[in-house]
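Computed from the coordinates by the stated procedures, all read-outs in this text should not be read as laboratory data. These numbers were taken from a predicted model, which means no experiment stands behind them. As a convention, Cβ positions derive from the backbone with ideal geometry for all residues, glycine included, and neighbour counts pool all protein chains shown.
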Amino acid sequence: MARYGPFVVCASLALFLRPLTLTAEPPAKDADAAFRNSLAVQSAMDQARGWLFQKGDAQKAVEILEANLARINGNTAYLQLLRDAYRAYLAQLAHRQQTALFDKYRERLAILDPDAARMLTLQPVSQTAAGDTKPPGRPELATKPVDKAKIPGLALLQQLTPPKLSLPGSKAAPTIRAKLDDDDPFGLANKRLPKTDDRQQRARGLLAQADAEFGQRHYGQARVLYEQAHKTEPGVVGASIPRWAYCKLSNVVDQLNQPKQGNSSLSDLECEIQVALSMAPSLATEGKKLLREIDDRRRTGGQSSPAALRADFSVKHVGRVQGWQLAETPHFRIFHHQSAEFAEKAARIAEQTRLDMYRKWFGNDGPEWTPKCDLYLHANGQEYTRATGVPSQSPGHSRFDSENSGRVIGRRMDLHCDVPTMLDAVLPHETTHVVLAGQFGRHQVPRWADEGMAVLTEPREKIDQHRRNMARSHQEGQLFNVRELMHLQDYPQARRVPVFYAQSVVLVDFLTSLRGPRVFADFLRDGLNGGYEQALAKHYGIRDFNDLQARWNRQVLAEINRFSPGVAGR
Ligand SMILES: [Zn+2]
């Protein structure tokens, strides 16, 4: 049975084999460019204020502010506004009992205002509002009306109106100094002044301690002190913002290097990096490296022990065979006309992807491949077409031969080297297809799952592109319904291929996010054997396709609209 994957998009693989270190030097104290506001930032703030304060649409404000985070260069007023927008949005979400979104944005608020979020964590809305029937960590929407007074988040958010930010040079808030000649030490007006002074003094003291710890390279302590200083007096950190950002990245590195990845989820860490980058764009190189590492961990199912993940193998350069140079590894025979170095690079990516995918989806290192997978690296598109008959617009494809039992008796990938993303993208994508073939007995991997799982090896930009495609198709009313998508026997007609890919990736990602990759693979196997609806109920507590469609509409489509070109413009 030949299977082709002619609509391959892209994928990437960045191997990570050593414990992480931050290689950039800590920024010097005077290296701040922290308060430069571009026109775009000002405009985003104006728009966000309009949505937040005049139209009362906190969600829009959050979207606009998040979309421009990368530009803000440590702008504290911006972060303050974002915090206000988060709080207002959280209040609205609590009011509407949208607990999944509530939890998500509470996590984001935690980055800007850990105390507020920590207080919220004590009594998550998801548990109280839903009658505490769900296991923690995976809140579902409440299904019955609840007494608003019982939503702790709402009450808390109402108390949490932040103090107004006073920027240098702006008109100071009026201070009540009535009856200063009245020396009553307990008078309200007289109490306030020393309180403000105390606070500023305390904030400056904390900042000085933070800077001192930073100088000693005690980044953990410094980070906590910067946070405390900022909470005590917003804006006080000022010129030390790049150093605070550095401490945040250092914390992410510490978390990633923990055997069990600390207590933070990858999404938390991702947010922490984004915030750090918005505070100190000079740390972009380090930040992007960490974001790539998080992508890798996500791709490999959250494995956090890089050394244990390393595919251990050697490459044997056999020499010339049937007009090709042949290089062999434990699972691949690589036919090429390239340098030995290039062939080894391809070998490493293929072997590593193979191992990563078996571990991620099936929790094992996979069986021996007998025979090995043949990997043909054609010099260019012309030679690829001449050898395979597949048009050169396809960047590559894979094919398998199976017995009726499902046992794979032939594996082959054909790629061409003039595709710029061949090593990063096409090779991991196709290798994933090869791993999946034969994993579901006599059943072929359904197209939606096969492509969705393969595309998830791709870099974040590519996956975001699919989400944008999906948002556009959603607006145009072109989406498949979920039942239809899951029952497609083959690729749809050409004009619907982009939306097919986009929805497949998002659906696999959605289901995987519920219970992890291995449960998803079990669900798929049971679904192929006994029907998807039964398998949905068994593995996800989702009653049937209608229930799945309803959740999809509620959770996925709401989220995907963030990628709508009209909203985020990214
Ligand atoms: Zn594919």
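Brief remarks follow.
- Sparsely packed loop sites in the range 410-487 (the GluC sites (Glu not before Pro) outside DSSP H, G, I, E and B with at most 13 other Cβ atoms within 10 Å) comprise Glu476.
- Proximal aspartates and glutamates to Lys372, defined as alpha-carbon separation beneath 13 angstrom and excluding residues fewer than eight positions away on the same chain: Glu328, Glu351, Asp401
- Packing, taken as the mean count of other beta carbons within 10 Å per residue, orders the peptides 107-113, 536-542 from highest to lowest as 107-113, 536-542.
- Placed amide H near Arg333: partners under 5 Å, 5+ positions off or other chain: Cys373, Asp374, Leu375
- Seen from Ile334, the other residues with C-beta closer than 14 Å to its C-beta sum to a net charge of +2, counting Lys and Arg as +1 and Asp and Glu as -1.
- As a rough guide to protection, the peptides 546-557, 514-525 ranked by mean Cβ packing within 10 Å, highest first, stand as 514-525, 546-557.
- Entries of Lys231/Lys289; Lys104/Lys195; Lys289/Lys360; Lys231/Lys288; Lys104/Lys248; Lys289/Lys316 with Cα pairs more than 25 Å apart: Lys231/Lys289; Lys104/Lys195; Lys231/Lys288; Lys289/Lys316
- For peptides 494-502, 195-203, sequence by mean Cβ density within 10 Å, most packed first: 494-502, 195-203
- Using the Cβ of Leu557 as centre and a radius below 12 Å, the other residues enclosed give a net charge of +3, where K and R count +1 and D and E count -1.
- Residues whose amide H comes within less than 5 Å of that of Val318, counting only those at least five positions distant or on another chain, are Leu326, Ala327, Glu328 (H built at 1.01 Å from N in the peptide plane).
- Order of Ser402, Ser240 - criterion: other Cβ atoms within 10 Å of each residue's Cβ, fewest first: Ser402, Ser240
- Residue by residue, the range 347-353 carries 3J(HN,Hα) couplings of 4, 5, 5, 5, 5, 5, 4 Hz when phi is fed to the Karplus relation 6.51 cos²θ - 1.76 cosθ + 1.60 (θ = phi - 60°); x denotes Gly or Pro.
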